[in-house]
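Peer 1: I have a structure I would like to understand better, so I am pasting it below and will then ask my questions one at a time.
The values are calculated or read from the model by the stated rules, or taken from the named source; none is laboratory data. Since this is a predicted model, take the numbers as computed values, not measurements. Neighbour counts run over all protein chains shown; Cβ positions are idealised from the backbone, glycine included.
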Amino acid sequence: MSDDDGVRDAGYDDFLDAIEDGDPFFLQSPSGNGWLPPQIRDPETGEGGLEEQPLPDTGEILTMTTVYVSGPTFVDDTPYVVAIAEFGPVRMTGQVRGVDPDDVGIGQAVEIGVDRTETTGERVIVFDPI
Amino acid sequence: MVSQVRVAGVGMTPFGKSPERTAREMFGDAADEAFEDAGVDPDDVEEVFYGNFMGEFAEQQGHQGPLAASAAGVRAPATRIESACASSGVAVRMGVEKIRSGAADVVLVGGAERMTNLSTADGTAALAAAADALYEINAGVTFPGAYSLMANRYFEEYGGDREDLAHVAVKNHDHAVDNELAQFQMEITVEKVLDAVQVCSPFGLFDCSPMSDGGSAAVLVSEAFAEEHGLDASVAITGTGQASDSLALHDRESITGTPAAAEAAQMAYDDAGVTPDDVDVAEVHDCFTIAEVLAIESLGFFGKGEGITVAREGKTAIDGELPVNLSGGLKAKGHPVGATGGAQISEMTKMLRGDHVNSDAVSDATVGLTHNAGGTVASCVVNVLEVVE
C-alpha cells in the first residue's frame with residue numbers, strides 16, 4: 001500500500017505493477033524456494049542470489065475465510081473472502097472477489113490479479129477462480 | 001553453576017474492561033502486588049523487562065521501558081519488549097536469562113495492555129499489526145481471520161468442525177467461573193458458541209479471546225538471593241525456550257502446524273530436563289479456539305490431528321488427564337496482549353503453590369508449562385515451572 005503522500009513500498013508495489021502488466025514474477029533461491037519481494041536471502045536456507053522467475057499462470061487455494069469484522073481500511077468491503085493460494089513454489093495471501101464464497105473452496109484453481117478495495121481504493125491482490 | 005531462577009512473587013490486575021486506566025497504572029498495580037507477594041523491595045530490582053504491544057495505537061505512547069519502571073517504583077535499566085501477544089512471555093524469558101547469566105539477582109518482569117479504549121475497528125487494526133503489513137494486512141487479513149485460515153486448512157487435513165472448537169471455549173469458560181481475576185466468570189454452552197455472531201468463518205464471537213485491559217508482573221530472583229533473604233519462593237522457572245518463524249502465514253511450510261511452538265517447547269523441555277509426559281498442568285495461548293488445539297499438539301501433549309477432539313472428550317478439562325488453561329485461558333480470563341505471558345506465570349505460580357482458586361484440582365502437580373505466542377505463532381515462548389521446595 002502506498003502511503004497517503006504517494007510514497008511507494010519498493011518490492012511490494014513493483015510486484016503489484018508486474019501483475020497489472022500481465023507479467024507477474026516471484027523470487028526463487030538456488031534451493032528452489034519461492035518468495036515475494038522484497039527478499040534478499042532465502043529465510044529457510046540463508047542463500048543469497050535470489051532470481052526473478054515468471055509466476056505460474058495458475059494457482060490453487062489452500063485455505064480461505066470470509067471476514068465479517070474488519071479494521072477501518074476494509075469496513076466497506078465486508079464481508080470479504082481472504083485466501084492463501086499456492087502458485088508453484090510460492091504462496092501468497094489475497095482476496096477472492098466477485099463470487100459467492102459458497103461457490104469456491106479449498107483446491108479451487110485461480111489466476112492472480114489486482115483490484116481496488118471499496119473502502120480506500122487501495123490496490124489488493126485478488127485470486128480469480130477459473 | 002547456572003543460578004536457578006525462583007519466582008519470588010507474582011501479581012496481576014483483574015482482566016476485563018477498564019478503558020480509563022492507563023497501562024502504566026495497571027502495571028504499577030501488578031508490580032506492587034508482586035513485590036508484596038515476594039517480600040522484596042523495589043530498591044532491590046536490578047533490571048526491568050516490560051511487555052507491551054499496542055501502546056503506540058492505544059495511548060500514543062512509545063519508549064515504555066523507563067515508564068514501566070517508574071510506575072513500579074524502580075530505578076534500574078528498563079527495556080520494553082514488543083513481540084506482539086508474546087511480549088511479556090519474552091520479557092519473562094529475558095529475566096530468566098539475565099539471572100542465569102549472573103548479571104542480576106532480582107529482575108522485575110511482566111507487561112500491560114490497554115485495549116478497550118479503542119473502537120472494535122481500531123482494536124482490530126491494532127491487533128492486525130502483528131501480521132505482515134505488506135502482504136497480509138493489505139489483503140485484509142485480520143487477527144481472527146489469520147487463525148481462521150489455519151482452522152479451515154486444519155479441518156481439511158485432519159477433520160473436525162466448529163462444534164469441536166466450541167468445546168474449547170466452553171471448557172475454558174468453565175475453568176474461569178470462580179477466578180475473580182477473569183474477565184468472563186460465566187459458563188457458556190456449545191449452542192451459545194455456535195449461535196454467536198460471526199466474526200470470520202468458522203469463528204463466532206465466542207471462538208475469540210476478548211479485547212481486554214490488564215497488567216501482570218513477577219519478581220524473579222536468584223536462588224542465592226532467595227536463600228540469603230529467607231524468601232518463600234517454592235516455584236522455579238527451570239526451563240525456557242523461544243523460537244521464531246516467518247511472519248506471514250503463507251510463508252510457512254505448514255499452515256496447520258506451529259513449528260515455532262514445537263521448537264520453543266523442545267528447548268524448554270531440554271532446559272528443564274523434563275518431557276511432555278512430566279507436565280501436570282498447562283496454560284496455553286488460546287487467543288482463538290483453534291490456537292489451543294494447535295498448541296497442545298505442538299507442545300507434544302497430543303499427536304498431530306488429535307488435539308481437535310480432546311476438549312470434547314474432557315481430556316483437558318479441570319478433571320481431565322492434563323488440565324489446560326485452568327485460569328480460563330485467554331478466552332475467558334481475558335487477553336490484554338502485552339500482559340498475557342506474565343499473567344500465565346502469575347496464574348501458574350499460584351496453581352503450583354496452592355493458592356490459586358483452582359489449585360485443589362491439581363494439588364499433586366509439580367510441573368507446569370506456559371505457552372505464549374505472538375501473531376500466528378511467528379513468535380513463541382515456552383516456560384517450564386517446577387515446585388522445588
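Peer 1: Considering only residues that are more than 10 Å from chain B (Cβ to nearest Cβ) and closer than 25 Å to A:PRO129 by Cα, which ones fall in the range A:29-51? Can you show your working first?
Peer 2: Of all residues in the range A:29-51, those more than 10 Å from chain B (Cβ to nearest Cβ) come to A:29-32, A:40-42, A:45-51.
Within the range A:29-51, no residue meets the criteria.
Peer 1: So, one more: Could you figure out which of (1) out of contact with any strand residue (DSSP E or B) (no Cβ under 8 Å at 6 or more places or on another chain); (2) more than 9 Å from every other protein chain (Cβ to nearest Cβ); (3) within 26 Å of B:ALA378 (Cα to Cα) isn't true of A:GLY88?
Peer 2: Answer for A:GLY88: the failing condition is (1).
Peer 1: Looking at the range A:15-33, is at least one residue touching a residue at least 60 places away in the same chain (Cβ under 8 Å), assigned to a helix (DSSP H, G or I) and acidic (Asp, Glu)?
Peer 2: Checking the range A:15-33: at least one residue is touching a residue at least 60 places away in the same chain (Cβ under 8 Å), assigned to a helix (DSSP H, G or I) and acidic (Asp, Glu).
Peer 1: I've got another one for you. Residues that are crowded, with 20+ Cβ neighbours inside 10 Å, at pLDDT below 95 and closer than 22 Å to B:ARG153 by Cβ: does the range A:48-61 have at least one?
Peer 2: There is no residue in the range A:48-61 that is crowded, with 20+ Cβ neighbours inside 10 Å, at pLDDT below 95 and closer than 22 Å to B:ARG153 by Cβ.
Peer 1: Turning to a different aspect of this structure: All but one of (1) outside any strand (DSSP E or B); (2) touching a strand residue (DSSP E or B) at 6+ places or on another chain (Cβ under 6 Å) hold for A:VAL110; which doesn't?
Peer 2: Result: A:VAL110 passes all but (1).
Peer 1: Which members of the range A:1-29 meet the condition of being among the charged types (D, E, K, R) and modelled with pLDDT under 95?
Peer 2: Our first condition is that a residue be among the charged types (D, E, K, R); within the range A:1-29, this holds for A:3-5, A:8-9, A:13-14, A:17, A:20-21, A:23.
Within the range A:1-29, A:ASP3, A:ASP4, A:ASP5 qualify.
Peer 1: Restricting attention to the range B:47-56, does a residue exist that is closer than 30 Å to B:PHE143 by Cα and charged (D, E, K, R)?
Peer 2: Taking the range B:47-56 as the starting set, the residues that turn out to be closer than 30 Å to B:PHE143 by Cα are B:48-56.
Still in the running and charged (D, E, K, R): B:56.
Yes.
Peer 1: Of all helices (runs of 4 or more DSSP H) completely enclosed by the range B:284-375, which ones contain at least 1 residues that are of a type in the set (Asp, Glu)? Write out each step before concluding.
Peer 2: Numbers: elements: B:289-298, B:329-333, B:337-353.
Passing ranges, in order: B:289-298, B:337-353.
Peer 1: For the range A:63-93, how many residues are under 18 Å from B:SER254 (Cα atoms) and in contact with a helix residue (DSSP H, G or I) (Cβ under 6 Å, 6 or more places away or on another chain)? Give the derivation first.
Peer 2: First pass over the range A:63-93, keeping only residues under 18 Å from B:SER254 (Cα atoms): A:63-65, A:82-93.
Among the residues that remain, those that are also in contact with a helix residue (DSSP H, G or I) (Cβ under 6 Å, 6 or more places away or on another chain) are: A:63, A:65, A:82, A:84, A:91-93.
The total comes to 7.
Peer 1: Another question, if that's okay. Does A:ARG97 satisfy the condition of being within 14 Å of chain B (Cβ to nearest Cβ) and either surrounded by fewer than 19 Cβ atoms within 10 Å (Cβ to Cβ) or in contact with a Cys (Cβ under 6 Å, 6 or more places away or on another chain) (or both)? Talk me through it step by step, then tell me what you get.
Peer 2: On the way: within 14 Å of chain B (Cβ to nearest Cβ): yes; either surrounded by fewer than 19 Cβ atoms within 10 Å (Cβ to Cβ) or in contact with a Cys (Cβ under 6 Å, 6 or more places away or on another chain) (or both): yes.
The answer is yes for A:ARG97.
Peer 1: Among A:THR119, A:THR66, which is within 11 Å of another protein chain (Cβ to nearest Cβ) and either in a loop (DSSP other than H, G, I, E, B) or within 16 Å of B:LEU134 (Cα to Cα) (or both)? Full working, then the answer.
Peer 2: Working: A:THR66 fails: either in a loop (DSSP other than H, G, I, E, B) or within 16 Å of B:LEU134 (Cα to Cα) (or both).
None of the other options fit; the residue is A:THR119.
Peer 1: Tell me which strands (runs of 3 or more DSSP E) are completely within the range B:38-132 and hold 2 or more residues being within 23 Å of B:PHE225 (Cβ to Cβ) and within 14 Å of chain A (Cβ to nearest Cβ), or say none if there are none.
Peer 2: It comes to none.
Peer 1: If you don't mind, another one. For the range A:73-85, enumerate the residues that are outside any strand (DSSP E or B), more than 7 Å from chain B (Cβ to nearest Cβ) and of a type outside the set (S, T, N, Q).
Peer 2: Correct list: A:ASP76, A:PRO79.
Peer 1: Is there any pair with a first residue in the range B:264-277 that is in contact (Cβ under 8 Å) with a residue 24 or more places away in the chain and a second that is of a type in the set (Phe, Trp, Tyr) whose Cβ atoms are under 9 Å apart and which are 6 or more apart or on different chains, and what are they?
Peer 2: B:THR275/B:TYR269; B:PRO276/B:TYR269; B:PRO276/B:PHE301
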